[in-house]
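Values in this text are rule-based calculations from the coordinates and carry no lab data. Keep in mind that this is a model prediction, so the values were computed, not measured. A quick note on method: Cβ atoms are made from the backbone with ideal geometry, for glycine too, and the neighbour counts reach across all protein chains shown.
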Amino acid sequence: MLKEMRAGTVLVDVAVDQGGCIETCHPTTHENPTFIIDGVVHYCVANMPGAVPYTSTLALTNATLPYALQLANKGWQQACRDNVDLKLGLNVVEGKVVYKGVAEAFGLPLTDVNTLLTEEELAQ
C-alpha cells in the first residue's frame, strides 16, 4: 500500500513504542522525527506526549477520570456491567483470562467475561 501513496504523504505511527502499526516504521526521536521511504514521510516518535508533558497529562486525566469515578462509585464489577468500554479493558478476572489477545499470546484458555460478571457469580 505504501507504493500506492502519493509522494509527500505523511504517516504517523502513534503506537511505535508498543511495536508499531505500520510495517515500514521504526522508532524515531523528537530531534530526528522523520524519515522517507518511497516518497512517503514517516513520523514515528516514541512517547509523542513527552513533547508536551503538561498538556498531555491534562488530556489523559480528562479522558480517564470518568472511568475512575465509575470504578470508585460502583465497584469494578458493576462498572464493567454498565460500561462496555471498561469491560473491554479487562484482561484477567479471578485468575481467568478474559481477553482474546492475551489468551492467544500465552496459549491459555479464554473465559467469557460475561460469565464472571453475572449477578449469580458475584453473590457467591
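Using the Cβ of T28 as centre and a radius below 14 Å, the other residues enclosed give a net charge of -3, where K and R count +1 and D and E count -1.
With the charge dipole of the chain set up from +1 on Lys and Arg Cβ and -1 on Asp and Glu Cβ about the Cα centre, the Cα lying farthest toward the positive end among the listed residues Q77, N62, L110 is that of N62. Normalised by the number of residues in segment 1-71, the average gap of Cα pairs under 8 Å and 6 or more apart makes the relative contact order 30 percent.
Annotation: amide H of L11 within the under-5 Å range of V41, H42, Y43, sequence separation 5 or more or interchain, hydrogens built in the peptide plane. Taking 18 Å as the straight-line reach from the Cα of K74, the lysines in range (excluding those fewer than 8 positions away in the same chain) are K87.
Between L58 and N73, the modelled label-to-label distance comes to 2.4 nm, taking each label 7 Å out from Cα in the direction of the beta carbon.
Looking at the square roots a ≥ b ≥ c of the eigenvalues of the Cα gyration tensor of segment 48-121, which shape do they give, rounded for a/c under 1.5, prolate if a/b is larger than b/c, or oblate? Taking the square roots of the gyration eigenvalues as a ≥ b ≥ c, segment 48-121 is oblate.
Modelled this way, with points 7 Å down the Cα-to-C-beta line, the labels at C21 and N114 are 2.7 nm from one another. Working from Cα pairs under 8 Å separated by at least six residues, relative contact order for the chain is 15 percent. Listed values for segment 24-40 are Karplus-derived 3J(HN,Hα) couplings in whole Hz (6.51 cos²θ - 1.76 cosθ + 1.60, θ = phi - 60°), namely 8, 8, 8, x, 10, 10, 5, 6, 9, x, 10, 8, 10, 10, 6, x, 9, and x replaces Gly and Pro.
Along the chain, the exposed loop sites are GluC sites (Glu not before Pro) outside DSSP states H, G, I, E and B with at most 15 other Cβ atoms within 10 Å, and the longest stretch free of them is 32-93. Of the trypsin sites (Lys or Arg not before Pro) found in segment 3-88, those in coil by DSSP whose Cβ has at most 11 other Cβ atoms within 10 Å are R6. Cβ-Cβ distance of E104 and V84, R₀ of 30 Å, FRET efficiency by 1/(1 + (r/R0)^6): the value works out to about 0.90.
Residues C25, C80 in ascending order of nearby Cβ atoms (within 10 Å, fewest first): C25, C80.
Counting only DSSP H runs of at least 4 residues, each contributing -39500 (n - 2.57), and dividing by the residue count of the chain, the helix-based mean residue ellipticity at 222 nm comes to -12000 deg cm²/dmol.
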